[in-house]
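Have a look at the structure below, then the notes.
The values are calculated or read from the model by the stated rules, or taken from the named source; none is laboratory data. Since we're looking at a predicted model, the values are computed, not measured. We place every Cβ from the backbone using ideal geometry, glycine too, and count neighbours over all the protein chains shown.
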C-alpha cells in the first residue's frame with residue numbers, strides 16, 4: 001500500500017521522469033536546426049503562394065512547400081517547453097522574469113524597429129511616425145518573440161503544472177480541445193453548432209496555441225514514445241500533412257488562397273508537428289559533440305530574425321527580382337535553392353556577428 005502510494009507520488013510529483021538537463025539531447029538540437037531552415041522555406045514559398053492563383057500549375061507546388069514546413073514554429077515552442085518546463089532544471093522565477101522575458105521583449109522591439117527602417121529605406125521613406133507605428137505593430141515574423149514574452153511570463157506557473165504529470169496531461173488535453181479543436185471546427189465545419197459553441201470560449205481562442213505547444217513539449221519529453229508508437233505518430237503526421245495539402249488546395253480553388261487550413265492551431269498541423277518531433281527523436285540519437293551543431297542551435301534565433309531582411313531585399317530591390325521571377329516560374333527547384341542560399345547567408349552573418357561581438361567585448365574589457 002505504502003509502496004504503491006510512494007510510486008504514485010513519484011510519478012505525479014517526481015521530476016525523475018524528465019531527462020537530466022545536464023545531458024545534451026542531440027535529437028532536440030537536430031530538430032531545432034531543421035526547424036530554423038524550415039521557417040526560411042516557409043517564408044520563401046509564401047512569395048509565390050501569394051503571387052499566383054490556385055489554378056496556376058506552380059501554386060500547388062508552392063503550397064506543398066509552404067505546408068510541409070509548417071511544423072517548424074510548433075516544434076520551436078515544443079523544444080522551449082521541453083527545456084524550460086523540466087522541473088529538474090534549476091531555473092528561478094527571478095531569472096525568467098529579469099533575464100529571459102526582458103531580453104525577448106527588447107529583441108522584439110529592436111528588430112522590429114530595424115526591419116521597419118530598412119523597409120522604408122527600400123520602398124521609400126515616409127517619416128519616423130510611420131516607422132514607429134509599424135515597429136510597434138510588428139513585422140510579419142516578429143509575433144513569435146512576443147509569444148515568447150508571454151510564455152516566459154507564464155513559465156513560473158507552468159513549471160508548477162509540469163511538476164505534476166496528471167496536471168500536465170490535463171492541461172495539454174484541455175488546450176488541445178479548446179485551441180486546436182476550436183480552430184479545426186471553424187475550418188472544417190464553419191457555422192456548425194460545434195464551431196459556434198467553441199467560439200464562445202474567448203479565453204481559449206486567441207494566441208493560446210503557443211501555450212499548448214509549450215506544454216506539449218514538456219509532456220512529450222516526460223513521456224518518451226516507444227518505437228512502435230513513435231512510428232505510428234510519424235505515419236499519422238504524414239497522413240495529416242497529405243490531408244492538409246488536399247483540403248487547403250480544394251478550399252483555395254473554391255474560395256481563394258487561405259492558410260486557415262494549415263494554421264498552427266489546426267489539428268492537421270498539430271499532428272504533423274508531433275510526427276516531425278518523433279521522427280527526429282527516433283532517428284537522430286547518435287551522440288555528436290562537434291561544434292557545428294551547437295553553433296547552428298545557438299544561431300537559430302539569429303537565422304529566424306535575419307532572413308526576413310534578405311527576403312525584403314529580394315522583393316524590394318530590382319536587382320534581385322530575377323530570383324522572385326524564378327520562384328514563380330520554377331518553384332519546384334527554386335524554392336529549396338533560394339531558401340538554402342538565404343539560410344547559408346544567415347548562418348554566415350551569425351558567425352560574423354558572433355566573432356565581431358567577441359572582439360568588441362575583448363576590447364571593452366581591456367579598456368575598462
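Among the residues of this structure, residue 80 does not count as one that is over 30 Å from residue 328 (Cα atoms) and either touching a strand residue (DSSP E or B) at 6+ places or on another chain (Cβ under 6 Å) or without any contact (Cβ under 8 Å) to a residue 60 or more places away in the chain (or both).
Residue count for segment 47-63 satisfying the condition of being crowded, with 21+ Cβ neighbours inside 10 Å and within 30 Å of residue 282 (Cβ to Cβ): 2.
Let's see how each residue does on (1) farther than 23 Å from residue 153 by Cα; (2) more than 19 Å from the chain's Cα centre (by Cα); (3) at pLDDT 95 or above:
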{"position": "15", "(1), (2), (3)": "no, yes, no"}
{"position": "40", "(1), (2), (3)": "yes, no, yes"}
{"position": "67", "(1), (2), (3)": "yes, no, no"}
{"position": "101", "(1), (2), (3)": "no, no, yes"}
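Only one of the listed residues (195, 218) is modelled with pLDDT under 60 and either over 19 Å from residue 82 (Cα atoms) or not in a loop (DSSP other than H, G, I, E, B) (or both). That residue is 195.
Within segment 139-157, does at least one residue satisfy the condition of being more than 29 Å from residue 41 (Cα to Cα) and buried (at least 19 other Cβ atoms within 10 Å of the Cβ)? Scanning segment 139-157 turns up at least one residue that is more than 29 Å from residue 41 (Cα to Cα) and buried (at least 19 other Cβ atoms within 10 Å of the Cβ). If the condition is being within 25 Å of residue 120 (Cβ to Cβ), more than 19 Å from the chain's Cα centre (by Cα) and crowded, with 20+ Cβ neighbours inside 10 Å, then segment 324-349 contributes 327, 338. So is residue 100 buried (at least 20 other Cβ atoms within 10 Å of the Cβ) and under 25 Å from residue 27 (Cβ atoms) or not? So residue 100 does not fit the description; no.
Could you list, in sequence order, the residues of segment 302-319 that are surrounded by fewer than 16 Cβ atoms within 10 Å (Cβ to Cβ) and either in contact (Cβ under 8 Å) with a residue 24 or more places away in the chain or touching a helix residue (DSSP H, G or I) at 6+ places or on another chain (Cβ under 6 Å) (or both)? The answer is 313, 315, 316, 317.
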